[in-house]
Amino acid sequence: MYKRFTLPQILTWGFFGIIFLGTLLLLLPIATTHGQHTDFMTALFTATSATCITGLTLVDTANHWTFFGQIILLILIEIGALGFMSFTVLLYTLTNREMKLTTRLLVKDSLNLANLADTRTVMTYVISLSLAIQVLGALLLLPVFVPKFGWLSGSYYSLCHAISSFGNAGFVFFPGDFKIFADNTYMLLVTSVLIIAGGLGFLVWRDILLYRQTHRVSLHTKIAMGTSGILIMLAFLTFFVTEWRLPLLNHQNWWHRLVDTLFLAITPRTAGFAILPYAKLSLAGIAFTMLLMFIGGTPGSTAGGIKTTTLGLLTLQTWAALRGKTDVTLGNRRFSQDNINRALMLTFISAVFLVVTTLLLSLTETVPRHFGIEYIAFEVFAAFSTAGLSLGLTPHLTTFGQILIMLVMFVGRVGVFTVMFSVLNVHNRPAAFRYPQENILIG
């Protein structure tokens, strides 16, 4: 069976299969609360959003879905966050069977591993670490939810929010809105840590935890952590300036204002939790939020976007070129030209994809009078980065708009290259000859 498809095609169709199965389960009467109706598009959109860990929803998660329906969503979020190949490895591990070469290649592609040598070890580590962080997160959230909802419901909501936060899914399973915790600094800080833990990537955490033994970190970890840290600090300072007069923050004391601003800096990259209506942000704040969503998190993590390593690599390439250097280096290591070319191609294709999608949606969707094109562009960027934030368009999407946003969510989670190579059926073919080289004027 595997021989008929390329590895990107298997990964792409695998996610399609999970979404379709999730849709069928959400269509069951037992998944919908009494008095609510779930049509096919609602089930498909919700299953896509959960599997792609986005958080955009057409219905209220807590009120529309029963306990069974919410469990289905949690399972889809776990599969989307860890990748369906993780559960394949878990099955092989539990049955003590040896993985086939094709399975190892799929795992390597799904987590962007450099080689096949430690595929099974890395995946086992990924699953164990993920479960440990989510359980710890649930325990830390008990003091928030138990006093408010009681032991049984509070424990359940703690676990749901830990899974949703670590998976950067943005789904809210408890009654009410996440905005009720805008003044709860403990809740926001725990959620922020879970978001960062999921958005950094499993390979980065592996490097950090094994540092005492290896006394080194990979170039991937250095550029991922460096770029992430700079983005958080830059975003904090930017929002602190652009939203200085925001009424929703002005009434708070300095401590709450700082924590809320920090949360605003962390959540747009991929998490999707909102402590205030994003429509209330300044135009500068909305524009910067879209930039953060376009960047996203780290490869091999629960995040979407073009990724922090892409931004870091292109920044280093630009800095090297401005200084007249041909090599791009960091930490006594040189980046390959192929690495740089892939980063440039990914950024260009992603930008074109988002622009075209925004233009198409502008033909079918209704924009309120007090908004401009940013009303639609914000939704597209949020879907691509799997952030799940919205200015209010999601519940009002047309059928065409829902299909297009689902496509953007899928591409954002599975990956631009994976989807593109699966559709185009790309194979590396060495050229029989090369044409003479010639330059054109640039700039």
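The values are calculated or read from the model by the stated rules, or taken from the named source; none is laboratory data. This structure is a prediction, so every number in the text was calculated from the model and none was measured. A quick note on method: Cβ atoms are made from the backbone with ideal geometry, for glycine too, and the neighbour counts reach across all protein chains shown. Side chains are part of the model used for accessible areas, which takes the heavy atoms of the whole protein and leaves out ligands, DNA and RNA. Shrake-Rupley method; radii C 1.70, N 1.55, O 1.52, S 1.80 Å.
What tally of residues in segment 307-327 results from selecting those that are more than 16 Å from Leu346 (Cβ to Cβ) and not acidic (Asp, Glu)? Give the derivation first.
Going through segment 307-327, the residues more than 16 Å from Leu346 (Cβ to Cβ) turn out to be 319-327.
From the residues that got through so far, the ones that are not acidic (Asp, Glu) too are 319-326.
Residues meeting the conditions: 8.
Considering Ala265, Ala303, Ala320, the condition of being free of Cβ contacts under 8 Å to residues at least 12 places away in the same chain and open to solvent by less than 10 Å² (accessible area, probe 1.4 Å) is satisfied by Ala320 alone.
Just checking, does segment 343-352 include any residue being surrounded by 11 or more Cβ atoms within 10 Å (Cβ to Cβ) and among the polar types (S, T, N, Q)? Scanning segment 343-352, I find at least one residue that is surrounded by 11 or more Cβ atoms within 10 Å (Cβ to Cβ) and among the polar types (S, T, N, Q), so the answer is yes. Scanning segment 191-205 for residues that are in contact with a Ser or Thr (Cβ under 8 Å, 6 or more places away or on another chain), part of a helix (DSSP H, G or I) and either open to solvent by 20 Å² or more (accessible area, probe 1.4 Å) or within 10 Å of Ala303 (Cβ to Cβ) (or both) turns up Ile195, Ile196, Gly198, Gly199, Leu200, Leu203. How do the pairs read when you match residues in segment 171-183 that are within 24 Å of Asn253 (Cα to Cα) and modelled with pLDDT under 90 with residues anywhere that are part of a helix (DSSP H, G or I) and open to solvent by 30 Å² or more (accessible area, probe 1.4 Å), using Cβ under 6 Å and keeping only pairs 6 or more apart or on different chains? Sorted first by the residue in segment 171-183, then by its partner, the pairs are Asp183/His256. Only a single item in (1) more than 15 Å from Lys179 (Cβ to Cβ); (2) in a helix (DSSP H, G or I); (3) not hydroxyl-bearing (Ser, Thr, Tyr) is not met by Val259, and it is number (1).
Considering every residue within segment 201-209, establish whether at least one is over 19 Å from Leu82 (Cβ atoms) and not aliphatic (A, V, I, L, M). Checked against the condition, which is being over 19 Å from Leu82 (Cβ atoms) and not aliphatic (A, V, I, L, M), segment 201-209 yields no hits at all. Contact map, segment 29-46: first residue farther than 16 Å from Thr394 by Cα and open to solvent by less than 20 Å² (accessible area, probe 1.4 Å), second residue of a type outside the set (Asp, Glu) and assigned to a helix (DSSP H, G or I), Cβ cut-off under 6 Å, separation 6 or more or different chains; pairs are Ala31/Phe68; Ala31/Gly69.
State yes or no: is Gly392 modelled with pLDDT under 90 and over 19 Å from the mean Cα position of the chain (by Cα)? The answer is yes for Gly392.
Here is the figure for segment 129-158: residues that are without any contact (Cβ under 8 Å) to a residue 40 or more places away in the chain, farther than 26 Å from Gly412 by Cβ and surrounded by fewer than 21 Cβ atoms within 10 Å (Cβ to Cβ) total 16.
Kindly establish whether Arg212 is modelled with pLDDT under 90, part of a helix (DSSP H, G or I) and surrounded by fewer than 22 Cβ atoms within 10 Å (Cβ to Cβ). First the steps, then the outcome.
Values: modelled with pLDDT under 90: yes; part of a helix (DSSP H, G or I): yes; surrounded by fewer than 22 Cβ atoms within 10 Å (Cβ to Cβ): yes.
Yes; evaluated as a whole, the condition is true for this residue.
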